[in-house]
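Read through the structure below, which is laid out as structure tokens, and then see the notes.
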Amino acid sequence: MQIAGKPKRIKLKVDLTRYDSRCKIEEQGWTIPNIKLSDWGYQDRFVAVEFDNGAKLDVLWKGLEILNQEKIE
């Protein structure tokens, strides 16, 4: 789980279509700080992600590419 900080812009590096058909390689979205979406979310290896296509999953950090943009709220 991403603790504190601002949401980070990400791009998915792995195929997660077995969990959600919308989660294909290259999909982009934002991390969601201080949230866990599944039982896996409490581990620091995972981060909650809301993809631009509407899908939400806890994803391993190593499966994401950080695009160095911060969300302005």
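The values are calculated or read from the model by the stated rules, or taken from the named source; none is laboratory data. As the structure is a prediction and not an experimental result, all values here were calculated from the model. Here the Cβ positions follow ideal geometry from the backbone for every residue, glycine too, while neighbour counts run over all protein chains shown.
Considering the stretch 27-44 alone, what residues qualify as being farther than 20 Å from ILE66 by Cβ and touching a residue at least 40 places away in the same chain (Cβ under 8 Å)? So that I can check it myself, show each step before the final result.
Of the residues in the stretch 27-44, the ones farther than 20 Å from ILE66 by Cβ are 38-39, 42.
Scanning the stretch 27-44 gives a single hit, TYR42.
Cβ-Cβ distance below 9 Å, separation of 6 or more or different chains: which pairs start in the stretch 3-26 with a residue that is in contact (Cβ under 8 Å) with a residue 60 or more places away in the chain and within 17 Å of ASP52 (Cβ to Cβ) and end on one that is among the aromatic types (Phe, Trp, Tyr) and crowded, with 16+ Cβ neighbours inside 10 Å?
Hits for this filter: PRO7/TRP30; LYS8/TRP30; ARG9/TRP30.
Would you mind listing the strands (runs of 3 or more DSSP E) fully within the chain where at least 3 residues are hydrophobic (A, V, I, L, M, F, W, C)? Spell out the reasoning first.
On the way: elements: 8-12, 28-31, 46-51, 56-60, 64-70.
Passing ranges, in order: 46-51, 56-60, 64-70.
Kindly indicate whether TRP30 is surrounded by fewer than 18 Cβ atoms within 10 Å (Cβ to Cβ) and touching a strand residue (DSSP E or B) at 6+ places or on another chain (Cβ under 7 Å). Let's see the steps before the verdict.
On the way: surrounded by fewer than 18 Cβ atoms within 10 Å (Cβ to Cβ): no; touching a strand residue (DSSP E or B) at 6+ places or on another chain (Cβ under 7 Å): yes.
No, not satisfied.
Any chance you could count how many residues in the stretch 8-49 are among the hydroxyl-bearing types (Ser, Thr, Tyr) and either modelled with pLDDT of 90 or more or touching a helix residue (DSSP H, G or I) at 6+ places or on another chain (Cβ under 6 Å) (or both)?
Here is the first cut: in the stretch 8-49, the residues among the hydroxyl-bearing types (Ser, Thr, Tyr) are 17, 19, 21, 31, 38, 42.
Now narrow it down to the ones that are either modelled with pLDDT of 90 or more or touching a helix residue (DSSP H, G or I) at 6+ places or on another chain (Cβ under 6 Å) (or both): 17, 19, 21, 31.
Selection size over the stretch 8-49: 4.
Which members of the stretch 33-58 meet the condition of being surrounded by fewer than 17 Cβ atoms within 10 Å (Cβ to Cβ), more than 14 Å from GLN2 (Cβ to Cβ) and not polar (S, T, N, Q)?
Those that are surrounded by fewer than 17 Cβ atoms within 10 Å (Cβ to Cβ), more than 14 Å from GLN2 (Cβ to Cβ) and not polar (S, T, N, Q): ASP39, ASP52, GLY54.
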